[in-house]
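Q: Got a structure for you, written out below as structure tokens; questions coming shortly.
We did not get these values from a lab; they are worked out from the coordinates using the rules stated. Source: prediction; values computed, not measured. FYI the Cβ positions are ideal-geometry reconstructions off the backbone, even for glycines, and counts take in every protein chain you see.
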Amino acid sequence: MAKSIVVLLVMMLAIQSCKQVTDKTGSQPATAESVQTQAPQNIDIDIQAARTMMADNPDIVLLDVRTPEEIANGKIGEALEMDFTDPGFKDKVAALDKNKEYIVYCAAGGRSAKAVSLMNELGFTKAHNMLGGYTAWTQTK
């Protein structure tokens with residue numbers, strides 16, 4: 001009888017160890033397929049990639065997160081202007097359409113990286129940080 005209980009316990013442990021491990025929330029680990037379909041596409045892109053994306057997709061929204069003083073010196077096309085230093089920045093970003101694709105830029109890439117991170121937290125799945133920002137844009141053609 002004791003031998004049967006030990007065998008049963010060993011079998012139960014073996015079966016349990018073969019099950020998928022879950023994280024602390026109880027959800028199943030991500031598979032390669034789920035990562036491809038659910039993962040945000042928020043990535044850093046260089047100037048050439050930004051130019052190509054804009055040429056290939058006229059619906060991409062350019063988001064300039066520089067100050068009005070910086071924008072007064074020039075901006076890229078018809079970029080939407082939202083000052084990252086504005087206290088209402090988060091609320092303004094939250095009001096944007098989360099289904100659209102965005103290329104976000106600032107002067108050099110620091111604020112835009114933070115803006116894209118915020119957008120990710122707010123549920124945006126297609127927001128890209130343009131590396132080098134407006135400065136790099138104006139230096140490359």
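Q: Would you mind calculating the relative contact order of region 38-139 from Cα pairs under 8 angstrom and at least 6 residues apart, reporting the percent as a whole number?
A: 38
Q: ³J(HN,Hα) across region 57-68 via Karplus (A = 6.51, B = -1.76, C = 1.60, θ = phi - 60°), whole Hz, x for Gly/Pro?
A: Residue by residue, region 57-68 yields 9, x, 8, 5, 9, 8, 10, 9, 9, 7, 6, x Hz.
Q: While we're looking at this one, here's another question. If you average the alpha carbon positions of region 43-78 and of region 105-140, how far apart do those two centres end up, in angstrom?
A: About 9 Å separates the Cα centre of region 43-78 from the one of region 105-140.
Q: Right, here's the next one. Could you name the aspartates and glutamates in cross-link range of residue 75, using Cα to Cα under 14 Å and dropping any fewer than eight places away on the same chain?
A: 64, 83
Q: Using packing as a proxy for protection, rank 58-69, 91-102 so that the peptide with the highest average count of other Cβ atoms within 10 Å comes first. Numbers along the way, then the final one.
A: On the way: 58-69: 16.8, 91-102: 14.0.
Result, highest mean Cβ count within 10 Å first: 58-69, 91-102.
Q: Further, regarding this structure: Under a 5 Å amide H to amide H cut-off, with H placed in plane at 1.01 Å, what residues pair with residue 61 once short-range neighbours are removed?
A: The list, which skips near neighbours in sequence, is 101, 102, 103.
Q: For the pairs 90/141; 92/126; 90/126, flag any whose C-alpha to C-alpha distance is greater than 24 Å.
A: From 90/141; 92/126; 90/126, over 24 Å: 90/141.
Q: By count of other Cβ within 10 Å, fewest leading, how are 105, 134 ordered?
A: Details: 105 32, 134 23.
Ordered by Cβ neighbours within 10 Å, fewest first: 134, 105.
Q: Report the extension gain between residue 59 and residue 95 in nm, rounded to one decimal, defined as 0.36 nm multiplied by the number of residues separating them, less their alpha carbon distance.
A: Contour length minus Cα-Cα distance gives 11.2 nm.
Q: Cα convex hull of region 38-139: how many Å³ per residue? Don't skip to the answer; put the middle values down first.
A: On the way: hull volume 9.2 nm³, N = 102.
Taking only Cα atoms, region 38-139 has a hull volume of 90 Å³ per residue.
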